[in-house]
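K.L.:
Please see the structure below; I have some questions.
What follows draws every value from the coordinates through simple rules; no lab data is involved. Quick caveat, the model's predicted, so the values are computed rather than measured. Positions of Cβ are backbone-derived with ideal geometry, glycine not excepted, and every protein chain shown enters the neighbour counts.
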Amino acid sequence: MLTTAIFYVLSFVCILAALMTVTLSNPVSCALSLILCLACLAGLYAQLAAGYVAVLQILIYAGAIMVLFLFVVMLLNLSDEEAAEGRYDVIRGLKGLICFAFLVDLYVLVEVSLGGRIYGCPAPGLGSLEAIGELLFTRYMVSFEVISLLLTAAVVGVVLITRKGPASALAAGRGGSS
Amino acid sequence: MPAPLEYLAVSCILFGIGIAGVLTRRNLLVILMSIELMLNSANLAFLTFSRLHGQLHGQVIAIFVMTVAAAEAAIGLAIVVALFRQTGSVRIDEATRLRG
Amino acid sequence: MTGETLLALVVGFPLLGAVFNGFFGRFHGRRLAGYLACGAMAMAFLSALGAVKDLAGLDPQVRTIHKHLYTWIDASTFKVDMALTLDPLSAVMILVVTGVGFLIHVYSIGYMAHDDGRVRYFTYLNLFVFFMLMLVLGSSLPVMFLGWEGVGLCSYLLIGFWFDDIAKAVAGKKAFLVNRIGDMFFVLGMFLLFWTYHAVGSGSLAFADMQANAELIQAAKIGGVAVTSLAAFCLFLGATGKSAQIPLFVWLPDAMAGPTPVSALIHAATMVTAGVYMVARMNFLFEMSPGVMSLVAWVGALTALFAATIGMAATDIKKVLAYSTISQLGYMFVAVGVGSYVAGIFHLVTHAFFKGLLFLGAGSVIHGVTTQDIRQMGGVRHKMPWTFWTFLVGTWAIAGLPPFAGFFSKDEILFHAYAGPHGSVPLWFIGYLTGAMTAFYMFRLFALVFLGKTRMSKKEYGKVHESPATMTVPLAILAGLSAIGGLMGLPHAFHMPHLLGDWLAPVFPEFHVAAGAGTELGLMAASVAAAIAGSLLALYFYFKKGYVPVPDNGKASLPASVARDKFYIDEVYDGLVVMPMKAIARFLSATVDAAGVDRVASGWLPGLAGWISKGVTALQNGNTQRYAMALFAGAVALIVYVSLFGVRVPLA
Amino acid sequence: MGTPIPLPIMPGDLTAIGPLLAVVIAAAGFLAVDMAFTREELKNRWTFIIGIIGAALAAVTALMLDIGTGESRLILGEALYADLYTVFFDLLFALLMGASLVLSWTAVERARMKPVEFYSLAAFSFAGMFLTSRAADLLSLFLAIELLSMPLYVLAGFATTSKTGREAALKYFVLGSVASAILLFGIALMYGGTGSIDYVELGAQVSSGGRDSPLVLAGLALILAGLAFKVGAVPFHMWTPDVYEGSPTAVTALMATGVKAAGLAAAIRFLAGPMAAALSYVSVMLWWIVALSMVVGNAGAMLQSNVKRLLAYSSIAHAGYILMGLLGDSLGTAAAVYYTAVYVLSVAGAFGVVQYFGDGDRELETVDDFNGAAKRHPWISLLFTIFLLSLAGIPPTGGFVAKFFVFGSAIQTGHIGLALLGVLTSVIGIYYYLRLVIAMWMKDEGRPVLAELSPTSWVVLGLLAASVLALGCMPGWLWLIVQSAVVSLV
């Protein structure tokens, strides 16, 4: 019973925070809302017998990635004009509507498949670090190696693209964009 | 304990909010956040199913996805910074030089 | 040398010429390029003669020479050999292509003497001959298609040869587009045949194999329609594109923008006859679908009549000849459509002689006069005697007046259209009428260009001169061929051997004519009478009376010296017969040519494509979120589809 | 702690991923070179040497794979396949890597990118390509696509001289990430419906009773969308024209060849492999994707004046032609693979030539820039013409035979309308490809400048042209290989 209550609270906050992320105008607020959302998600993960993933979620996501986001937001130090979103016109509403239709359709599909299914007792050891580690080094050995390549590529890429080039047209760009 | 359907509903809603953010926001940083939201909704789905099937595979996949998300965020932010340096703007609707 | 080697050489020499001129033309200069190209053609012609001589030495039942170059496509069940097959039919064709081709090459040396792009010109011309020979000698449908595409490409390059002129570039484009539509159907027909044969276990598109296995696919159907009919239909549509028949004829008059020898070679003697050749080659398929056969005959007949009607109103010397070509091609399709392949090929050969001659003659005139408008010529005979006499032979031949070549071939077609098993009286009558009209417009052309007093200014007229020997000698040779070419197919009524018919007999199914010699002689007399009437009428109007066609804009802008006659009877006749005819011709030429088929074939379809193109590029407005929206909408469409039809959906 | 867990590495497994290892070693080598040397010439020389060795090693190790009886083998914890299909694509990618090193070098330097940096990133991308054709589960597929894409996001915006590179990078990144997220969500749903991500297991479930679980269908739809994005099929195509145009030409060449081929390798493996039974659920949608791709791609290219943009649109159309093969039977799949090979060779050649035109910072952009090219540079114009004719599908080039196979299989399986549309739209294709040919051969006024070609470049371009012609004149041998490769898929 308590689990259910916690679920509702977490998911409510999570969805609300997500909504705030995509609607608030200040990027800093957006990032903070996203952190809240991700934290609530971590709670949901924990409910799903995925304690390790929940911990990683807090550490990697809410910790590392979002700090990076905040850092960049601060770095760019956008003016209000830059951050301005423009009016929410019909096109945007239409886009939202399509997203909503997508949601409904997706939900119907999921409902047809999963309606009435309930969770049994979690298998012992589900979510244990040891079991995950074993999988990572056997079944997912290749993926593990690929991920390391991916991270290396990302590091190299980020270093290369953010070096200051000779054609840094910051001033000219500002003039043109206003 | 809530049913799998309920977890999945949250996942679907997050995915919808994420894509809506990508489609409607002008600020590139927020668009990147929305993409993160979409990846997270997929993760929630993986964990929901992992629990449903009583397997670990979903959890392992979720860990991989997180790593991918980290790499993606890093590269995305780097590109945004690079673009900002060149044009002084992080508005997606202003990057329309390429068209036709 | 064996026949096989010679066969390879026939194809090889023009290719060699093209390669040599193409790659090294810059170094050895423009003069040599022409001689090289002619040399290559001469060698090809000699090789062709040798190969045909070898072929003639074989027993008629096994009269084929097969040269397997290599295996083109070998995909387990599907095999295409890059191979050349010489049989009596292709033998006739290669002699025409290399022989007439050689003469036109020689002529080109004179005609292009002052052009800077000669090296390129001769490269393309040799390349064209190579592809034409591949088309003719190809032992299977894909190899034929290789040649088919190749000649189209070369024709495109040669039409647009003087590309500084926008109109010519546009003409090249039009010719190209219309041809592509025809080729598309050729490809479809080829695919249909391939997969149908493949389904019955014969993965070969070689003509010999297809003919041998023809019974196997007789029963195959797609959507209730016999595959044989469908394939024959598609192939025939392909032929209408290449051979400028209704509805895809529009490109040929425009193609006249190219150099005149090109018109002679490609748009009269060789390439445009490829459709006729293909139908003759695939006769076993067409024989299996009588419906398509009669379609072929009727399309041919209507095209012949229609083009002749327009030809009567045209005032550009090359346009008249172009419409005349369309009309004569129509005759050939009538012949193959009624199953008289021999007559079709016979006319193809004689037409290559006299139409090649006429075009070269026209080129000679243009070379001397520097205009193409026949209303501004007249009296050229005194200045260009060689051209005059040879042109007269050509005109005589095409008009169907005995004893020149056109008389025999055309009358054989008319006789078979009347009395053949697939023939009928209306079919014959259309051909008959067209014959009279042909005589009329050809003598009209002849009279307006060569006879009477000149309508040029004194200064212009003074400059008119006879062409050099490189141009007049080919004219003379072709004139000789046009004169005596008919001897290879003397009518049975004369109780003389039909040489061409006997030669081609092993290739084609037997063709029996029910009617006897009396009918044949009667029809012959009738058409000769019609031809004479048409010729005399034309001479009366345009030579005796000195009429000049009204200028396009309706206003008299001709020199005052060409004042019109004051005989009212002529005015009445003009108003009653000539004017309505011209009106019909103009109407057809204006509406059908410009607005109808033309628009669909070369305006409407590209127009639609251009419209879509503009739409596509307008959607691509640079906004990333719009792109994301399209992406997402696609995903939503997929999801919605599977949620609505999430069961196994058989595809229609 | 319990007993040590044995790593799932069987003898021969490392050979089976040899090309992957080779290119990863090359990537490490590039990074080492960048750090070890300070002088540019040394860096460049060693980059080239290491790159060529890597590509050669990849090709050699690909050929060393023991195919056995021709059946697919699952290796390394059943995450990857090793079969003739992977060998086929390995060779293609190895060739592309070599071609990129030789042909793009000039363009890389023209865009003021350092070759060592360019190729170290490209090497990671190639690693992703080598993975796409051998992925045996959805996670490997996802990671392969990510590994393939991420370096390219960077490379697109990497040239500091380019005014449009950053924008191209941004568009590519945002749209690519959205597509990845959609793909990922599809994978999640698929996993939910079946409890597995292995192709074999998924295929078994789909073809037995558990198939019409809506979750599986929804997953299938989203995965198809994600793959169609990489392939550049309509309506997931809109990134291609902008990104191809805006990126440095060396990168565009990589996208048009490598990314497209990798996406197709993955899509063909997914849709015609063990999961073939699933195809029938989405075949109607695939029909529309194919039809729209052919129409939109060709129509879009028709009026373009920018060559890169023209090739981008035409690549959309080619994606349509290739996917058409998937609607057929196994012969159609083979046709699709054959077409992919021909397309990749022709486009690699075409971009190879394009990259050499231009001088200083400037590269040739519009069709009119090529006016008179044949007069000044006849040989390279001839090569370019061969590549263009192949893309247009004119015999005797490989493009014709490929179209012949694809349309033929479509007709055989009853898709006559689609084949008709294909033939019709390819008419438009011929129109715009020939515009370039005409500009080169029939116009005189232009003065296109050609950068100096090294002997190696001539050899590579000549080989590409020869292979394009060979695939048109003697397609038999490759067709047999492709057919056996396709048999090993199922």
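K.L.:
Could you list, bin by bin from short to long, the percent of Cα-Cα pairs of chain C in 20 Å steps?
P.N.:
19, 51, 25, 5, 0
K.L.:
Full extension from C:HIS68 to C:TYR540: what is 0.36 nm times the residue separation minus their Cα-Cα distance, to one decimal in nm?
P.N.:
164.1 nm
K.L.:
Okay, moving on. What angle, in degrees between 0 and 90 and rounded to the nearest 10, separates the Cα long axis of helix C:385-398 from the longest principal axis of the Cα atoms of chain C?
P.N.:
Value to nearest ten degrees: 60.
K.L.:
Follow-up question, since we're still on this one. Over the Cα atoms of segment D:248-364, each weighted equally, I'd like the Debye log10 I(q)/I(0) at q = 0.18 Å⁻¹, rounded to two decimals.
P.N.:
Per q value, in the given order, log10 I(q)/I(0) is -0.91.
K.L.:
Another question about this same structure. Hey, rough spin-label estimate for C:VAL225 and C:HIS492, points 7 angstrom out along Cα→Cβ, what's it come to in nanometres?
P.N.:
Result: 3.5 nm between the two label points.
K.L.:
Let me ask something else. Going by Cα centres, segment B:1-24 and segment D:39-68 are how many Å apart?
P.N.:
Answer, in whole Å: 46.
K.L.:
From the alpha carbon gyration tensor of chain D, can you work out the equivalent ellipsoid semi-axes (sqrt of 5 times each eigenvalue) and give them in Å, largest to smallest?
P.N.:
Those come to 34, 27, 20 Å.
K.L.:
Also, quick follow-up: Taking every pair of distinct Cα atoms and averaging 1/r, then inverting, what Kirkwood hydrodynamic radius in Å comes out for the protein assembly as shown?
P.N.:
Evaluated on the protein assembly as shown, it is 34.4 Å.
K.L.:
Okay, next question. Between D:ILE25 and C:LYS458, what is the label-to-label distance in nm when each label sits 7 Å out along the Cα-to-Cβ direction?
P.N.:
9.4
K.L.:
Right, something else. Where does segment C:341-552 land on Rg(C-alpha)/(2.2 N^0.38 Å)?
P.N.:
For segment C:341-552, the normalised Cα radius of gyration is 1.11.
K.L.:
If you don't mind, there's one more thing I want to ask. Rounded to the nearest 5, what is the percent of antiparallel bridges among the DSSP beta bridges in the protein assembly as shown?
P.N.:
So the antiparallel bridges in the protein assembly as shown amount to around 95 percent.
K.L.:
Return one quarter of the surface area of the convex hull spanned by the alpha-carbon atoms of segment D:226-301, equal to its mean projected area, in nm².
P.N.:
5.0
K.L.:
Return the FRET efficiency for the residue pair A:ASN26, C:LYS614: r is the Cβ-Cβ distance, R0 is 45 Å, and the value is rounded to the nearest 0.05.
P.N.:
Efficiency at R0 = 45 Å is approximately 0.65.
K.L.:
How many angstrom lie between the C-alpha centres of segment D:379-411 and segment C:100-155?
P.N.:
For segment D:379-411 versus segment C:100-155, the Cα centre distance is 21 Å.
K.L.:
So what are the radius of gyration and Dmax for the Cα set of segment A:1-115, in Å?
P.N.:
Cα radius of gyration and Dmax of segment A:1-115 are 17.1, 49 Å respectively.
K.L.:
Ratio of segment B:4-98's C-alpha Rg to 2.2 N^0.38 Å, to two decimals?
P.N.:
1.29
K.L.:
So if I restrict to the alpha-carbon atoms in segment C:322-375, what is the Rg, and what is Dmax, the biggest pairwise distance, in Å?
P.N.:
For segment C:322-375, the Cα-based Rg and Dmax read 14.2, 44 Å.
K.L.:
How would you rank D:TRP458, C:TRP396, going from fewest to most other Cβ atoms within 10 Å of each one's own Cβ?
P.N.:
With the fewest neighbours first, D:TRP458, C:TRP396 line up as D:TRP458, C:TRP396.
K.L.:
Here is a further query. Given labels modelled 7 Å from the Cα in the Cβ direction, how far is it in nm from D:MET35 to C:HIS465?
P.N.:
The answer from the label model is 8.3 nm.
K.L.:
Sort D:LYS443, C:LYS459 so that the residue with the fewest other Cβ atoms within 10 Å of its own Cβ comes first and the one with the most comes last.
P.N.:
Result, fewest neighbours first: C:LYS459, D:LYS443.
K.L.:
Also, quick follow-up: Using only the alpha carbons of segment D:323-419, what is the convex hull's orientation-averaged projected area in square nanometres?
P.N.:
Result: a mean projected hull area of 7.2 nm².
K.L.:
If R₀ is 30 angstrom, what is the calculated FRET efficiency for the pair A:ARG117 and A:LEU68, using the beta carbon separation as r and rounding to 0.05?
P.N.:
FRET efficiency, A:ARG117 to A:LEU68: 0.20.
K.L.:
Express in whole angstrom the spacing between the alpha-carbon centres of segment C:338-400 and segment C:1-47.
P.N.:
Measuring centre to centre over Cα atoms gives 28 Å.
K.L.:
Which FRET efficiency value, to the nearest 0.05, do you get for C:VAL19 and C:ALA42 by plugging their Cβ-Cβ distance into 1/(1 + (r/R0)^6) with R0 = 22 Å?
P.N.:
0.80
K.L.:
Here's a follow-up. Treat the count of other C-beta atoms within 10 Å as a stand-in for reagent exposure and order C:GLU149, C:GLU466, C:GLU215, C:GLU520 from fewest to most.
P.N.:
Ordered by Cβ neighbours within 10 Å, fewest first: C:GLU215, C:GLU466, C:GLU520, C:GLU149.
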